[in-house]
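Worksheet for the structure shown next.
The values are calculated or read from the model by the stated rules, or taken from the named source; none is laboratory data. Source: prediction; values computed, not measured. Here the Cβ positions follow ideal geometry from the backbone for every residue, glycine too, while neighbour counts run over all protein chains shown.
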Amino acid sequence: MDIRVDGALAFAATGGRAFDPSLPVTVFVHGAAFDHTVWKLQARYFAWNGGSVLAVDLPGHGRSEGPPCPTIPAMADWLVALMDAAEVGEANLVGHSMGALVAMDAAARHGGRVRKLALLGAAPAIPVNDLLLGRSAEDDHHALELLTGWGYGRRAHYGVHKMPGIWMTGGGLRTLERAAPGVLHNDLVATNAYEDGEAAAAAVACPTLVVIGARDLMTPAKRGRALAGMLPDATTVVIPQAGHIMLDEEPDATLDALKDFLVD
Amino acid sequence: MADPLAFKRDTLSLHAGQKPDPTTGARAVPIYQTTSYVFDDTEQAASLFNLERAGHIYTRISNPTVAVLEERVAALEGGVGAVCTASGQAGLHLAVATLMDAGGHIVSSASIYGGSHNLFTHTLPRFGIETTFVHPRDTEGFRTAIRPETRLVFGETLGNPGLEIMDMPAVAAIAHEAGIPLMIDSTFATPCLCRPIEHGCDIVMHSATKFLGGHGVAIGGVIVDAGKFDWEASGKFPTLTEPYLGYHGIDFAEEFGPAAFIARARAEGLRDFGACMSPTNAFHILQGVESLPVRMARHVENARKIVAFLDGHDAVTWVSYPELPSHPDHERAKTLLPQGSGAIFCFGVKGGREAGRAFIEAVELLSHLANVGDAKSLVIHPASTTHQQMDAAALEAAGVGEDMVRLSIGLEDPEDLIADLERGLRAAARAAKGR
């Protein structure tokens, strides 16, 4: 659905069902240069099983007007502003990679608005490789290829998508290609610059789930476990064989982890 | 592709879409010869039917063996996904039916497979879909032929049977300017010789019966979604951008992003039209795909030797092969088909129809039949077989002459093939003298 946030048009997918803020709301936040479509299966589940969903396109991403927010805290503030605009008092926040930092920052500074928090492919800090930063600064397609290569786990490069006939890395690359020029670099700079992760984790008051891909090259499993150790009330789920983009690589295992944690 | 972990073409041909069978450890792709799949519980069943979880429900819609072939071809072509169909023709119909309704219009190259020409000319009009044909070398003609109701531009990498090579990037740009996708039948080229998506194509199709399978044992088709076309921006494709009541109001472009087309093709087209590929056929075709790069290299190598033999032969009036300087698309072939122009080509037999008939009846090693892309070499006379439903004007427009013989060069020793062709040409020469 389209919704105005701070005067700009924003988009949030609702899992194929009309949004209803009176139901338990789950807000999904995508990673760098991605958009709401990365949550297609998980969003549909929560929308059709007793809840309501906002799978957002961050500003400048997907169908939301730009420009992109320059920092993780700015993205977190925008997320809370979107919840205001959608008349959502309290919601579950689910974030992936950069989106996990956004969700965690929002939970740390707007604790009363977050019922439960789920962080996928997350770490206290996510330093970005210099080569990737440099290529993204030039809007070089190579940056997208590097992100696809390192983001998807080794196993995913053989394919075998749960959705029959879908070529995993091809779909990921095409989704990244849809981002407007400059968006990936904005996101990588914002992610690289975020140094408040440890303090934010300590300030999160709600129950938190940390979902770790055992073969994650971008936020390695030990960094995910370190993050869980900093959170006051954390549960950890490790998905074997999965890389950084576990929500696409292992959509059922990701959904099971979210469902078990978020559904009372 | 500079993805640091991406496998290269020859590896994808063998491994994409498959992991050793989790139950048995089988290294080969098992034939999952089953119609249906047991649900874990009622909740999982409901989730599968509502696209909240992905998986197999019924083999008409998807099957584990077929899915391996789908992923493998999608990977080789550089797409986001694929759907396999009962035949190449079923794939073409599925693509058309996914994109348009009655009232739709197609702009197509005139030099296409006779079956596709027939579908466009005679069958689709019964369902309210019209086609305008354009000579594949008339690039601007594609622009002129596009109407407000046009929903697809269609062509072949290598035209049939004249091997015309349309200016794919230019035609793609014309289609995209009009908010329309370009679909390419790349059966003759395979992803080993040309990857149309890299040249602007939005949907690739194959008759997998041909080189992909490669051994003449299974009929099948496949359509690949490049995932690049912006259906929302076009505004001409409500099947992809508006709620579909046949699936709980799903908006495919909104929910599936770059995979919108292929998701709708499966969710609606396979479910309702039902022209699915059988698991056993997928298995047979997969055996061919595993050796595709090696076979295509040998197909091209043999074809070049046969072309060299025929070109300038006393009993041959002409040879049409894009790698010959005499071919009108010689320069374009260097750009679009740098690894070779395939193994299917035509030549003219001196003496016309009677000489052509004598040639075909005299050859022994080459098989006279209506197929191409087999490991065995094949020969046919298009005017009397694949294109026989066209009238004289349509034949001329399609570049099919009465003296034309089409060869599909296989993997035999080229010296044996040349000996067989020499036998046929001697018979043709005798027939020509006896006229």
Legend entry - Any chance B:Gly88 is surrounded by 17 or more Cβ atoms within 10 Å (Cβ to Cβ), at pLDDT 95 or above and at the interface with chain A (Cβ under 10 Å from one of its Cβ atoms): no
Inset, instruction - Being within 29 Å of A:Pro181 (Cα to Cα), more than 14 Å from chain B (Cβ to nearest Cβ), assigned to a loop (DSSP other than H, G, I, E, B) and at pLDDT below 95 narrows it down to one of A:Gly60, A:Gly66, so name that one. - result: A:Gly66
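Return the only residue of B:Gly356, B:Gly351 being farther than 21 Å from B:Asn302 by Cβ, of a type outside the set (S, T, N, Q) and in contact with an Asp or Glu (Cβ under 7 Å, 6 or more places away or on another chain).
On inspection, the qualifying residue turns out to be B:Gly356.
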Legend entry - Count - residues of region B:52-78 that are among the basic types (Lys, Arg), over 29 Å from B:Pro293 (Cβ atoms) and either within 7 Å of another protein chain (Cβ to nearest Cβ) or part of a helix (DSSP H, G or I) (or both): 1
Legend entry - Test: B:Gly424 is surrounded by fewer than 22 Cβ atoms within 10 Å (Cβ to Cβ), small (Gly, Ala, Ser) and touching a helix residue (DSSP H, G or I) at 6+ places or on another chain (Cβ under 8 Å): no
Legend entry - Test: A:Ala156 is within 14 Å of another protein chain (Cβ to nearest Cβ), out of contact with any Lys or Arg (no Cβ under 6 Å at 6 or more places or on another chain), in contact (Cβ under 8 Å) with a residue 60 or more places away in the chain and not aromatic (Phe, Trp, Tyr): yes
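Just give me the residues in region B:94-116 being within 25 Å of B:Gly257 (Cβ to Cβ) and in a helix (DSSP H, G or I), in sequence order.
Scanning region B:94-116 gives B:Leu94, B:Ala95, B:Val96, B:Ala97, B:Thr98, B:Leu99.
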Legend entry - Residue match in region B:268-285 (condition: closer than 21 Å to A:Gly170 by Cβ, charged (D, E, K, R) and assigned to a helix (DSSP H, G or I)): no
Legend entry - Of all residues in region B:200-243 being surrounded by 24 or more Cβ atoms within 10 Å (Cβ to Cβ) and small (Gly, Ala, Ser), the one that is farthest from the other protein chains (Cβ to nearest Cβ): B:Gly214
Legend entry - Any chance A:Met104 is in contact with a strand residue (DSSP E or B) (Cβ under 8 Å, 6 or more places away or on another chain), assigned to a helix (DSSP H, G or I), more than 20 Å from A:Ala10 (Cβ to Cβ) and not hydroxyl-bearing (Ser, Thr, Tyr): yes
Inset, instruction - Could you list all residues from region B:223-274 that are hydroxyl-bearing (Ser, Thr, Tyr), out of contact with any helix residue (DSSP H, G or I) (no Cβ under 6 Å at 6 or more places or on another chain) and farther than 24 Å from B:Gly200 by Cα? - result: B:Tyr244
Inset, instruction - Say whether the condition of being in a loop (DSSP other than H, G, I, E, B) and either touching a Cys at 6+ places or on another chain (Cβ under 6 Å) or assigned by TED's automatic domain parsing to the domain that holds B:Cys194 (or both) is met by at least one residue in region B:317-340. - result: yes
Legend entry - Filter result for the condition that a residue is touching a Cys at 6+ places or on another chain (Cβ under 7 Å), more than 20 Å from B:Thr65 (Cα to Cα), modelled with pLDDT of 95 or more and of a type outside the set (Val, Ile, Thr), over B:Pro258, B:Pro293: B:Pro293
Inset, instruction - Could you please find all residues in region B:1-45 being farther than 21 Å from B:Arg72 by Cβ, touching a Leu at 6+ places or on another chain (Cβ under 9 Å) and of a type in the set (Gly, Ala, Ser)? - result: B:Ala2
Legend entry - Unique residue being crowded, with 17+ Cβ neighbours inside 10 Å and hydrophobic (A, V, I, L, M, F, W, C) when the list is A:Ala137, A:Ala118, A:Ala81, A:Ala74: A:Ala118
Inset, instruction - Would you check if there is a residue in region B:10-31 being within 12 Å of chain A (Cβ to nearest Cβ), buried (at least 16 other Cβ atoms within 10 Å of the Cβ) and among the polar types (S, T, N, Q)? - result: yes
Legend entry - Residue satisfying all of: in region A:159-178; buried (at least 23 other Cβ atoms within 10 Å of the Cβ) and assigned to a loop (DSSP other than H, G, I, E, B); farthest from the other protein chains (Cβ to nearest Cβ) among these: A:His161
Legend entry - Flag if B:Thr123 is in a helix (DSSP H, G or I), β-branched (Val, Ile, Thr), away from chain A (no Cβ under 14 Å) and without any contact (Cβ under 8 Å) to a residue 40 or more places away in the chain: yes
Inset, instruction - Determine whether region A:9-26 contains at least one residue that is touching a helix residue (DSSP H, G or I) at 6+ places or on another chain (Cβ under 8 Å), of a type outside the set (Lys, Arg), assigned to a loop (DSSP other than H, G, I, E, B) and closer than 19 Å to A:Gly172 by Cα. - result: no
Inset, instruction - All but one of (1) more than 25 Å from B:Ala259 (Cα to Cα); (2) buried (at least 24 other Cβ atoms within 10 Å of the Cβ) hold for A:Ala32, so report the exception by its number. - result: (1)
Legend entry - Of residues in region B:294-332 being surrounded by fewer than 22 Cβ atoms within 10 Å (Cβ to Cβ) and touching a Ser or Thr at 6+ places or on another chain (Cβ under 7 Å), the one farthest from B:Ala375 (Cα to Cα): B:His327
Inset, instruction - May I ask you to verify whether B:Phe49 is among the aromatic types (Phe, Trp, Tyr), within 8 Å of another protein chain (Cβ to nearest Cβ) and out of contact with any Gly (no Cβ under 7 Å at 6 or more places or on another chain)? - result: no
Inset, instruction - Give the residues of region B:223-267 that are in a helix (DSSP H, G or I), more than 21 Å from the chain's Cα centre (by Cα) and not hydrophobic (A, V, I, L, M, F, W, C), sorted by residue number. - result: B:Glu232, B:Ser234, B:Pro238, B:Thr239, B:Thr241, B:Gly246, B:Tyr247, B:Glu254, B:Glu255, B:Gly257, B:Pro258
Legend entry - B:Gly81 being within 30 Å of B:Thr132 (Cα to Cα), within 13 Å of another protein chain (Cβ to nearest Cβ) and touching a helix residue (DSSP H, G or I) at 6+ places or on another chain (Cβ under 6 Å): yes
Legend entry - Lone qualifier among B:Val405, B:Val379 - being surrounded by fewer than 23 Cβ atoms within 10 Å (Cβ to Cβ), closer than 15 Å to B:Asn160 by Cα and at pLDDT 90 or above: B:Val379
Inset, instruction - Scan region A:132-153 for residues that are of a type outside the set (Gly, Ala, Ser) and more than 10 Å from chain B (Cβ to nearest Cβ) and report the count. - result: 4
Legend entry - region B:48-59: number of residues that are surrounded by 16 or more Cβ atoms within 10 Å (Cβ to Cβ) and either farther than 22 Å from A:Glu249 by Cα or in contact with an Asp or Glu (Cβ under 9 Å, 6 or more places away or on another chain) (or both): 5
